[in-house]
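This report refers to the structure that appears directly beneath it.
All of the numbers you see were taken from the coordinates with simple rules; none came from a lab. Note that the coordinates shown come from a computational prediction; the quantities given were computed from them, not determined experimentally. Here Cβ is always computed from backbone atoms with ideal geometry, including for glycine, and neighbour counts include all displayed protein chains.
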Amino acid sequence: MRWGRMRESSNVEDRRGGGGMMRYPGGGMRVGRVVGGGGIGTIVLVLIALFLGVDPSFILGGGGGYVQPTNVPSAGRQGVPEGDTQAEFASRVLGETEDTWSAVFQDQLGQTYRDPKLVLFDGQVASACGYASSATGPFYCPGDQQVYLDTSFFDELSQRFGAPGDFAEAYVIAHEVGHHVQTLLGISSQVSDLRRQSSEADANRLSVMTELQADCFAGVWAKNADETRQVLEQGDVEEGLNAAAAIGDDRLQRQSRGYVTPDSFTHGTSEQRVRWFKTGMQSGQVDSCDTFNAGQL
């Protein structure tokens with residue numbers, strides 16, 4: 001991936017080194033506690049949460065979640081430290097999503113795109129969606145419209161999930177930005193309302209539709225970014241498809257316990273994730289990503 005030609009975003013906040021912790025009155029530090037549930041084994045929840053969530057409570061569904069913070073997380077340093085290659089990469093990919101989605105919103109939707117912020121953290125972080133640790137993986141919080149990323153996850157992506165490559169890493173960021181697009185378009189709030197009125201199985205299906213649409217939006221970004229600035233190199237698309245396949249619910253559940261329970265899927269199968277990413281990549285059109293009215297997920 002020709003990421004060196006991408007511009008760095010100014011919407012990056014570095015909370016690494018303790019900058020992301022939330023202090024409460026009285027000198028203590030209060031954090032949310034994840035509550036398991038929903039009939040899915042804890043290890044499966046962790047594996048699913050390790051990759052690509054809207055926010056931790058959304059991933060975990062109706063069986064509990066994170067306690068909402070009572071005050072705003074402390075701010076970190078603005079920008080990326082010089083010589084930090086992984087942080088620079090993330091900043092440049094974010095900058096490319098800003099440029100691409102601004103053009104797509106204007107040209108395809110007649111709307112103005114609002115940039116999200118990327119928060120870099122290590123260990124643990126507090127957001128408007130609650131408290132999360134690095135084990136949660138990258139996530140997007142609609143409450144503050146920020147993407148949260150511990151760049152050490154890129155090593156996990158390569159070594160544990162078998163999905164190496166810079167475009168695989170860019171796909172992770174683009175997927176989370178896809179959730180931001182859903183927030184701006186009002187999709188996230190509509191889904192949240194529907195999930196509150198749904199059975200567990202129906203809520204999980206809505207979650208799958210949401211995640212697959214974010215995969216499709218990642219493909220829309222890649223298509224338009226490459227057409228405009230020729231950022232892709234040979235093998236990049238294969239890296240993205242490999243990453244999408246590596247974190248399908250069916251593959252994660254089969255690896256963790258040897259069998260799958262489709263009603264508990266929250267992100268979609270490997271085949272679905274690959275297909276919807278390819279749909280966005282081939283069309284480059286936002287309206288091709290309507291997973292909620294698709295005849296086939």
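Which chymotrypsin sites (Phe, Trp or Tyr not before Pro) in the stretch 248-278 sit in a loop by DSSP (not H, G, I, E or B) and have at most 12 other Cβ atoms within 10 Å of their own Cβ?
When the chymotrypsin sites (Phe, Trp or Tyr not before Pro) of the stretch 248-278 are filtered for loop state and at most 12 Cβ neighbours within 10 Å, Tyr259 remain.
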Extended-chain gain in nm, criterion 0.36 nm per residue less alpha-carbon gap, Thr261 and Glu238: 5.5 nm
Computed label-point distance, nm, for sites Glu227 and Ser102 using a 7 Å Cα→Cβ extension: 1.9 nm
Under the Karplus curve 6.51 cos²θ - 1.76 cosθ + 1.60, θ = phi - 60°, whole-Hz ³J(HN,Hα) for the stretch 180-192, x wherever Gly or Pro sits: 5, 4, 4, 5, 5, 8, x, 6, 4, 5, 5, 5, 4
Cα gyration tensor shape for the stretch 158-270, rounded if a/c is under 1.5, else prolate or oblate: oblate
Computed magnitude of the charge dipole of the stretch 172-297 (debye, nearest 20; Cβ of K, R +1, Cβ of D, E -1): 240 debye
The stretch 83-229: C-alpha gyration tensor shape, a/c 1.5 cut-off, then a/b vs b/c: oblate
